[in-house]
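Below is one structure, written out as structure tokens, with a few remarks after it.
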Amino acid sequence: MITLVVGMQWGDEGKAKVIDLLASSYDYVVRYQGGANAGHTVVVDDKKFIFHLLPSGLMNPSAIVVVGNGVVIDIDQLFDEIQSLENLGFPVRNRVIISDKAHVVMEYHKIIDSLREKASPKKIGTTSRGIGPCYEDKISRRGIRISDIVNLEVNQLAKKIETFAQEKVFLMKNLYNYDYDFNALKLAESCKSKFESLGVEVRNTEILLNREINSGKSVLFEGAQGILLDIDFGTYPYVTSSNASSSGVSTGTGVSLKKVDNVIGIVKSYTTRVGEGPFPTEQDNDIGQEIRNKGGEFGATTGRPRRCGWLDLPLLRYSSIVGGITEIFLTKIDVLSDLDEIKVCTDYSIDGEIFDMPPFMDPQTLYSVKPIYKTFKGWKKKLSDVKKFEDFPKEAIAYIDFIQQSLNVPITYVSVGPERHQTVILK
Ligand code: GDP
Ligand code: IMO
Ligand code: MG
């Protein structure tokens, strides 16, 4: 079985909980895009771990994890993540395989990311993890790859870094007035020694994965971010710099989408967004505040408060089409339990015309839409111990059914809490 898990909103839908829950049924768990901008929280027996770079399947003892070529790797972060997991007693080193073609997020990528954010009058609100600048260098063929770190002598690597970083160092000094103590040799030495000390396996992972799939092994692909943050299909320019939608699997691992049997779209029962950009159903008021507090909606990577609002069906219809979603895993429905009423945006109105999907995904359009809401009565009951669908209050069933019918995709799981066992299976 080859399964893809992808967020259908602006990230933080609860993807890691789903990956952790499903991982024990798969031979491999694979990340295909993004980098340490991701914050994927797994809670096992009340213990919480936040993954940024490694696939969230690692708390299952059997899973082998792969970091595909489409991921951008911050070696310091990788080092810290592996050490923290091992300190918690999870063996990691012989279970991690990294693509030789994955690009490395260098120190200068992170610096330029922060400088741009500070200087720009139109901020994106990035995580300052150097993601955009690193992908930029990949596309313009100035990137440092894992194969460079492993295969080049330290002096050769330093020379490459010196040449490729030149333009960014120039910008730092002359555009941003930033005094960067750039030392290519020091960077090369530290990248190489840190990476080599990890003892992770570096492989041609596209060949490994395709061979394993052809021999009947199962793979769980873990999306980072969400479809609305996809560089092509999201709310550009307020997006991340990778293909966070399903299509990222092919370019980010070398496994054809034809091989994927099912695409599980993760939908949080309301909407959140970190960073800037349009958010038609945002509730910048007491309701948003209540959802934020109940749902613990603070960034897992940056700690920033997440903007909160109602579920947005026009955007979800769009995500469902673009992502080729075959089933939906609805999360965090327990968070809505105390509300007297719950709204869902069913359509947009633009100059009196009704749209069931955004006609365009540009900020001008999305800032101008007027959401049309359907109001549901709140259930006012705790849901965190619900085990079977029939045990949900009838108001919650009405909410779930409505989402399923509106998106025309089956909801196969409903999550009622962060732990594995807090999951109701509907199929
Ligand atoms: P991801 O980036 O999609 O993996 O999601 P995050 O880890 O950034 O944020 C999701 C948060 O919600 C985490 O703190 C999870 O532990 C938590 N969570 C996941 N599912 C549920 C749920 O059904 N109910 C509640 N209350 N929390 C959940
Ligand atoms: P997970 O995988 C939520 C957002 C940032 C910013 C924009 C661009 O945990 O769902 P970047 O640093 O990627 O250049 O920032 O994308 N963003 C996320 N928002 N969850 C994430 O990851 C995100 N990764 C990036 O807040 O708006
Ligand atoms: Mg997250």
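The values are calculated or read from the model by the stated rules, or taken from the named source; none is laboratory data. Since the model is a prediction, treat every value here as computed from it, not as a measurement. Ideal geometry is used to build each Cβ from the backbone, glycine not excepted, and the neighbour counts take in all protein chains shown. Heavy atoms of the whole protein, side chains included, go into the accessibility calculation; ligands, DNA and RNA do not. Shrake-Rupley method; radii C 1.70, N 1.55, O 1.52, S 1.80 Å.
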| query | Restricting attention to region 232-241, and to residues there that are touching a residue at least 40 places away in the same chain (Cβ under 8 Å) and more than 8 Å from ligand 2 (Cβ to nearest atom), which single residue is farthest from K122 (Cα to Cα)? | reply | F233
| message | When you scan region 138-161, do you find a residue that is open to solvent by 50 Å² or more (accessible area, probe 1.4 Å), touching a helix residue (DSSP H, G or I) at 6+ places or on another chain (Cβ under 8 Å) and among the aliphatic types (A, V, I, L, M), even just one? | response | yes
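Conditions (1) touching a helix residue (DSSP H, G or I) at 6+ places or on another chain (Cβ under 9 Å); (2) outside any strand (DSSP E or B); (3) within 8 Å of ligand 1 (Cβ to nearest atom), marked per residue:
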position: Q9; (1), (2), (3): yes, yes, no
position: D12; (1), (2), (3): no, yes, yes
position: A16; (1), (2), (3): no, yes, yes
position: L22; (1), (2), (3): no, yes, no
position: A36; (1), (2), (3): yes, yes, no
position: V43; (1), (2), (3): yes, no, yes
position: K48; (1), (2), (3): no, no, yes
| field | Top-ranked residue in region 306-340 [being under 17 Å from the mean Cα position of the chain (by Cα) and more than 22 Å from S406 (Cα to Cα); ranked as farthest from ligand 2 (Cβ to nearest atom)] | value | R307
| query | Out of the residues in region 1-17 that are over 16 Å from S319 (Cβ atoms) and within 14 Å of ligand 2 (Cβ to nearest atom), which is surrounded by the most Cβ atoms within 10 Å (Cβ to Cβ)? | reply | A16
| field | Residue among K387, K343, K294, K380 that alone is within 16 Å of ligand 1 (Cβ to nearest atom) and either surrounded by fewer than 15 Cβ atoms within 10 Å (Cβ to Cβ) or assigned to a strand (DSSP E or B) (or both) | value | K387
| region 278-302 residues that are over 29 Å from S368 (Cβ atoms), paired with ones that are within 11 Å of ligand 1 (Cβ to nearest atom) (beta carbon under 6 Å, 6 or more apart) | K294/V335; A300/G39; A300/T41; A300/I50; T301/G39
| task | Residues being outside any loop (DSSP other than H, G, I, E, B) and open to solvent by less than 10 Å² (accessible area, probe 1.4 Å): count how many of those fall in region 248-291. | result | 14
| request: Specify which of the listed residues (V154, V249, V260, V255) is away from ligand 1 (no atom under 16 Å from the Cβ), farther than 25 Å from T41 by Cα and under 24 Å from the mean Cα position of the chain (by Cα). | output: V255
| request: Would you check which residues across region 202-247 are charged (D, E, K, R) and open to solvent by less than 30 Å² (accessible area, probe 1.4 Å) and list them? | output: E222, D230
| Say we look at region 85-129 and pick out the residues that are in contact (Cβ under 8 Å) with a residue 24 or more places away in the chain and on the phi > 0 side of the Ramachandran plot; which of these is farthest from ligand 2 (Cβ to nearest atom)? | S128
| query | Only one of (1) in a helix (DSSP H, G or I); (2) over 28 Å from L4 (Cβ atoms) fails for L316. Which number is that? | reply | (2)
